[in-house]
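Participant: First, the structure itself, so that you have it in front of you.
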Amino acid sequence: MSDAMLGKALLIRAVECDQNGRILEAQTLYQDGIAQLMSFVHSEPDEVKKKGFLTRIKEYIDRADAIKARVNGKMMLGEVVTHLSIEENDTGNDYDQIFGQYMTDETIEIMLEEPYLTQNYQFQNLIRFLELAVTNCKHLKYIRLITKKDANNLDQQKTNLGQIKADLERRQIAFYIKYEDTLHDRKIFLSNGYIIKIGRGLHFYKASNPMYSIGLTNYKYRKCLQTDVDIWRTNK
């Protein structure tokens, strides 16, 4: 498929997602479609056609920027509805118990900012979170993960995330991965209007000790590291 045809297809999907309220997925599709069209336009010899393409592309850029501003604005507003302090060695703090009630059928998109995904246990935590999302959010269509690149083993990190992406897509859930090496914040943004902020992100569980003991697979029995959890509520 040519750059122009691929760009057009992506932008058609972007508009459909935009109209259906799936703004995170729309933003990604706008950006990808714009990139494809720009690649095509640069090679267009007809200046009149090129100008027409650029005018249309600017409309898509403006819409993508508006979505970005909207999402960022939502994250800066809202009110705290729940605060939880988890103390060192506390138990009884499975993801479902902490924030499962906020992951509802109304959630069709999720954005997860988790800087650290390099170790096996960190990928296991990610899978546990995604299992909860798939279980609770019956109409989930899109997940955007923002993380840092693994400077020591990028190939393995991409392989692991690729397997997760393929599995989610078999379940009709789009999974978009974005790398930001300056990322520090840890947030979970739900399209139903809730924002979950955890000081340590997903990784506040201690290893089960000994390994084969209660808590190996059921995290409500795991001892925790000290952290704070804030649940914010904004408009959808």
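The values are calculated or read from the model by the stated rules, or taken from the named source; none is laboratory data. Because the structure is a prediction, the values reported are computed rather than measured. Every residue, glycine as well, gets a Cβ built from its backbone with ideal geometry; the counts of neighbours run over all protein chains shown. Protein only, heavy atoms only, side chains kept; ligands, DNA and RNA dropped before computing areas. Shrake-Rupley method; radii C 1.70, N 1.55, O 1.52, S 1.80 Å.
Participant: Kindly check whether there is at least one residue in segment 116-128 that is open to solvent by less than 20 Å² (accessible area, probe 1.4 Å), within 28 Å of residue 79 (Cα to Cα) and not polar (S, T, N, Q).
Facilitator: Checked against the condition, which is being open to solvent by less than 20 Å² (accessible area, probe 1.4 Å), within 28 Å of residue 79 (Cα to Cα) and not polar (S, T, N, Q), segment 116-128 yields at least one hit.
Participant: Could I ask something else about it? Would you check which residues across segment 91-108 are of a type in the set (Val, Ile, Thr) and in a loop (DSSP other than H, G, I, E, B) and list them?
Facilitator: Once the filter is applied, which keeps residues that are of a type in the set (Val, Ile, Thr) and in a loop (DSSP other than H, G, I, E, B), segment 91-108 yields 91, 104, 107, 108.
Participant: Which condition does residue 53 not pass, out of (1) closer than 20 Å to residue 23 by Cβ; (2) outside the structural domain of residue 219 (by TED's automatic domain parsing); (3) in contact with a helix residue (DSSP H, G or I) (Cβ under 8 Å, 6 or more places away or on another chain), if it passes all the others?
Facilitator: (1)
Participant: Across segment 7-31, what is the total count of residues that are open to solvent by 60 Å² or more (accessible area, probe 1.4 Å) and in a helix (DSSP H, G or I)?
Facilitator: 6
Participant: A further question on this structure: Which condition number does residue 85 fail, the rest of (1) among the small types (Gly, Ala, Ser); (2) assigned to a strand (DSSP E or B); (3) outside the structural domain of residue 228 (by TED's automatic domain parsing) being met?
Facilitator: Answer for residue 85: the failing condition is (3).
Participant: Just need a number here: residues in segment 164-188 that are open to solvent by 20 Å² or more (accessible area, probe 1.4 Å) and closer than 19 Å to residue 27 by Cα.
Facilitator: The total comes to 10.
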